[in-house]
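The values are calculated or read from the model by the stated rules, or taken from the named source; none is laboratory data. The model shown is predicted, which means the values in this text are computed figures rather than measured ones. Using ideal geometry, Cβ is built from the backbone for each residue, glycine included, and neighbour counts are taken over all protein chains shown.
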Amino acid sequence: MNVTSLPAGFAALVFSTAALIAPAAQAADTPSASAGDSCIALSEDQQIVRAGADRDVLLRNGDQHYRVVFKASCNGAVTSRRLAFETQGESNQLCAGSRSVLKTDRASCTVERIEPLEAATFQRMARQRSR
């Protein structure tokens, strides 16, 4: 082994190790995405509570619970026979930040944000809306 190439090889090893460590450290410093700014894959086991759905609906997706808030009034959600979330033409995916819509019989309502809820809070809010 050539002694003059040793420092160059060592430097390459240090730089490649640093390149691997930096993204991991950066990821650790970045807060995890909340439901408010990420996407949720929707399952077949879901429930949409739409009573009083002018500004939001309640969503149960499996054992996860959310309040889905619309960007503007969504009168169609109250009376529509069909409700389905869609993101850029893809069904069964729900994203915040105006990327998703709630498709109704006649219109679409833009989703502004998604707020996670505790199961008990979801149940209480759903009961209040059904009165």
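Out of 124, 99, one residue alone is closer than 13 Å to residue 40 by Cβ and surrounded by 11 or more Cβ atoms within 10 Å (Cβ to Cβ). It is 99.
Let's see how each residue does on (1) over 21 Å from residue 131 (Cβ atoms); (2) at pLDDT 95 or above; (3) not acidic (Asp, Glu):
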{"position": "39", "(1), (2), (3)": "yes, no, yes"}
{"position": "62", "(1), (2), (3)": "yes, yes, yes"}
{"position": "78", "(1), (2), (3)": "no, no, yes"}
{"position": "84", "(1), (2), (3)": "yes, no, yes"}
{"position": "100", "(1), (2), (3)": "yes, yes, yes"}
{"position": "109", "(1), (2), (3)": "yes, no, yes"}
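Look at (1) touching a residue at least 60 places away in the same chain (Cβ under 8 Å); (2) crowded, with 17+ Cβ neighbours inside 10 Å; (3) charged (D, E, K, R) and you find that residue 129 fails only one, number (2). Remark: pairs (first residue in region 63-85, free of Cβ contacts under 8 Å to residues at least 40 places away in the same chain; second residue among the charged types (D, E, K, R); Cβ separation under 6 Å; 6+ apart in sequence or on different chains) = 73/54; 76/106; 77/50; 80/105; 81/105; 82/105; 84/103.
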